[in-house]
1. Please work out the FRET efficiency for the pair residue 70 and residue 309, using the Cβ-Cβ distance as r and a Förster radius of 41 Å; give the result to the nearest 0.05.
2. As an exercise, use a Förster radius of 30 Å and the Cβ-Cβ distance of residue 138 and residue 275 to find the FRET efficiency, rounded to the nearest 0.05.
3. Stick to Cα atoms and the Kirkwood definition of Rh, then tell me Rg/Rh for the chain.
4. Write down, largest first, the equivalent ellipsoid semi-axes of region 243-300 in whole Å, where each equals the square root of 5 times an eigenvalue of the alpha-carbon gyration tensor.
5. Subtracting the Cα-Cα distance from 0.36 nm times the residue separation, let me have the gained length for residue 202 to residue 87 in nm, one decimal.
6. In nm, to one decimal, how far is the residue 49 label point from the residue 156 one, both placed 7 Å along Cα→Cβ?
7. For a protection proxy built on the mean count of beta-carbon atoms within 10 angstrom, sort 223-230, 188-195 highest first, please.
8. Determine the principal axes of the Cα atoms in region 112-167, then give the extent along each, sorted from largest to smallest and rounded to whole angstroms.
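Since every read-out is calculated from the coordinates, none of them should be taken as a lab result. None of the values given here were measured: they were computed from a predicted structure. Cβ atoms come from the backbone with ideal geometry, glycine included; neighbour counts cover every protein chain shown.
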């Protein structure tokens, strides 16, 4: 199989490439990545001899057409994905998440290539803290930020191309990922790297916002289950029953580092901050027989902490650049 991975030098994409190389030696992997701040070629260094990396933008129609035409399967991870950034400058999110997805879909349609679309549970909006419900594939879309609205739009494009043009496509909407190679602007890596540097964690508002956490390796094993067994045109939700509020995550990290669990600072909440996400992954588990390996959040978090401690050379340059950006913005 010839596999094209978009955004394969980013967090989830690079982990997907590592897992594919490790577990599926018969797959030829090509990565297209724009190598913006969130994509790092060093994330692919351990598998560089097994992967072809093409530096390029998924909105480049000529390049995308060529790469898709040389592939049997496209897995589309590439996205602008940071909510704070989408609030300060929405355009890159429109360009990458909407125009980039359209460009890929047209190439897939032209060449008859199988397509899997990676999306987020944030397209469904949020739930109340005391609501027993969880998101399902039938939950109406109700995005609340430029990031989630452009991801919702990209999902709808895939559905339309599958129905109108008959492309072979599946979609997965996943809860919040954590694990190795995640950019330090994201919640968990930022807290970990702050703690490594002796800096107190910072918590938006009261820390009541709930996210449904899943280890990146579990996410990617579910993606392969969908590729192998999923029904074309279907949407599958990926989750590991990992609901934790942000306060619980910070306190768990403080305990792992051996600090007092209340040794953190509160900061002003961000606009439109979603309260709770929760995934019902029963369709994935029942139809495809998938189960997560990391069923204990703390053990997965401990392994992630050890990875960041052991790979400081990977994250230190991004840490310096991100802290400079936040300082310039007055955060």
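1. Computed FRET efficiency for residue 70 and residue 309: 0.55.
2. Efficiency, from the Cβ-Cβ distance: 0.90.
3. Using only Cα positions, Rg/Rh for the chain is 0.94.
4. Working through the eigenvalues yields semi-axes of 29, 19, 6 Å.
5. The residue 202-residue 87 span can extend by a further 39.5 nm.
6. Between residue 49 and residue 156, the label points sit 4.8 nm apart.
7. 188-195, 223-230
8. Computed over region 112-167, the largest-to-smallest principal extents equal 45, 23, 16 Å.
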